[in-house]
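Every number here is computed from the coordinates shown, using simple stated rules; none is lab data. Quick caveat: nothing in here was measured; it's all calculated off a predicted structure. Cβ: placed from backbone, ideal geometry, glycine included. Neighbour counts: every protein chain shown.
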Amino acid sequence: MYGMITLFDEKTEQFIKDIWELLRKFGISSYAFEVEDRRPHLTLASYSDIDGAAFMDKMKRVYENKKALPITFSTIGSFIGSGTLFYSPTHTSDLMDFHCQHHRQFEDFASDADSLYSPDKWIPHCTIANRLSPDKLMEAFHFCSNKRESFSGQLKEVALIDTSQKNKAPILYSVALT
């Protein structure tokens, strides 16, 4: 199993990591520390099986001259019944186009038409906590909603990760956005 993710600029990444650390410190969630070297991200797509070399070659060609994308987080949300809390970015046409273009460019690798990351189902989000009880979900929500109003940054990199190993999701290949 593989994931195609976008990574943030250093300041945005650090802001989210600080939230993760505080949630752990206060005993609300240790989600971020359950996977080795987890980094804050938005997931663009998931794949069950791909030709890694061909995928990475295409990544280089498609993304090597793409511009970094400004992003603003102004929403905290949760998937119904999931115990997941996330920051959701503003749905700009640039963000939605970036996502749709990825799926068009990489349609040869698509393996799951019902994926929650397909363009007609995608809810862009950066997970803050996961598998929370209802009480912990409310606690995390209150903590994060009182932290700050909104914050902005950039999508600065795209990366292919391997999600097949338990408690690991190493980056196999990445391309910096200019």
Checklist entry - Counting GluC sites (Glu not before Pro) as exposed when in a DSSP loop with at most 16 other beta carbons within 10 Å, what is the longest stretch of the chain free of them? => result 65-148
Item to check | ASP108 versus LYS60: modelled label distance in nm, points set 7 Å from Cα along the beta carbon direction | outcome: 1.5
Checklist outcome for this item: Sparse-neighbourhood loop hits (trypsin sites (Lys or Arg not before Pro), region 1-71; DSSP loop; Cβ within 10 Å at most 14 others) -> LYS67
Checklist entry - Given a Förster distance of 22 angstrom, what is the FRET efficiency for ASP120 paired with PHE79, based on the Cβ-Cβ distance and rounded to 0.05? => result 0.85
Checklist entry - Computed over the Cα atoms, what is the radius of gyration of region 10-102 divided by 2.2 N^0.38 Å, N being its residue count? => result 1.29
Item to check | Candidate aspartates and glutamates for bridging to LYS11, where Cα separation is under 18 Å - those fewer than 8 sequence places away on the same chain excluded | outcome: GLU21, ASP37, GLU149, GLU157
Item to check | Reciprocal mean inverse distance between Cα atoms of the chain - Kirkwood radius, Å | outcome: 16.8
Item to check | Cut-off under 5 Å, modelled amide H: who pairs with PHE151 long-range | outcome: PHE73
Item to check | Flagged links, alpha-carbon separation over 28 Å, of LYS25/LYS67; LYS121/LYS166; LYS17/LYS168; LYS60/LYS168; LYS67/LYS147 | outcome: LYS25/LYS67; LYS67/LYS147
Next on the checklist: Largest first and in whole Å, what are the equivalent-ellipsoid semi-axes of region 83-146 based on the Cα gyration tensor, each being the root of 5 times an eigenvalue?
Outcome noted: 29, 15, 7
Checklist outcome for this item: Mean separation of Cα contacts under 8 Å (at least 6 apart) over the residue count of region 2-176, i.e. the relative contact order in percent, is 38
Checklist entry - Roughly what % antiparallel, to the nearest 5, for the DSSP beta bridges in the chain? => result 95
Item to check | Net charge dipole size for the chain [Lys, Arg +1 and Asp, Glu -1 on Cβ; Debye, nearest 20] | outcome: 440
Next on the checklist: Give the residue list of trypsin sites (Lys or Arg not before Pro) in region 101-142 that are DSSP loop and have at most 14 other beta-carbon atoms within 10 angstrom.
Outcome noted: LYS121, ARG131
Item to check | Inter-probe distance in nm under a simple model that places probes 7 Å from Cα toward Cβ, at THR163 and ARG131 | outcome: 1.5
